[in-house]
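Participant: There's a structure below that I have some questions on.
We did not get these values from a lab; they are worked out from the coordinates using the rules stated. The structure presented is a predicted model; accordingly, all values stated were derived computationally and were not measured. Glycine gets a Cβ as well: all are built from the backbone with ideal geometry, and neighbour counts include every protein chain shown.
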Amino acid sequence: MRRITILAPLALSAALGAATLSGCAHREGGRSFSNDTFTYVSTTYQPKTLTLIDTRDGEPVWAVDVPVGMKLTVQFKENGAKRSSPDTPDVMIWGLGNATRNSVSLSNRIPVPPADARRLDMSLRDAPEWPQANANN
């Protein structure tokens, strides 16, 4: 019994250390914890298009074709728009980067509808789609 008590803090410490080390990477699907960050990798047989829809009127707010060999990371921030309006109080921060790199610079911003009035749709383009020569720069 005493041995389990000693090992439990070590296991907890190792788990926390692993979570800390993986916190900066943008992996497909997200970071494995809730921070409203999502990553989509476009491959030859799964070239992806993302569209943000305002669910109040069904209109697209934003869309991007993720080039093959690249990944898109998006993060939503509540009440983050600098010039917010009642229709778009939140902000979506996003960036495209090389699929082989761990992180993406989230240098683009757009005001977006609140969480209960938006939907991010992912669709696949016709495959196969080959990488462009400059897509991996």
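Participant: Among residues belonging to the stretch 43-86 that are in contact with a strand residue (DSSP E or B) (Cβ under 6 Å, 6 or more places away or on another chain), free of Cβ contacts under 8 Å to residues at least 60 places away in the same chain and outside any strand (DSSP E or B), point out the one that is farthest from Asn102 (Cα to Cα).
Facilitator: In this case the residue turns out to be Ala81.
Participant: With respect to the numbered conditions (1) in contact (Cβ under 8 Å) with a residue 40 or more places away in the chain; (2) surrounded by fewer than 17 Cβ atoms within 10 Å (Cβ to Cβ), which one is the sole condition not fulfilled by Thr100?
Facilitator: Going through (1) in contact (Cβ under 8 Å) with a residue 40 or more places away in the chain; (2) surrounded by fewer than 17 Cβ atoms within 10 Å (Cβ to Cβ) one by one, Thr100 breaks only (1).
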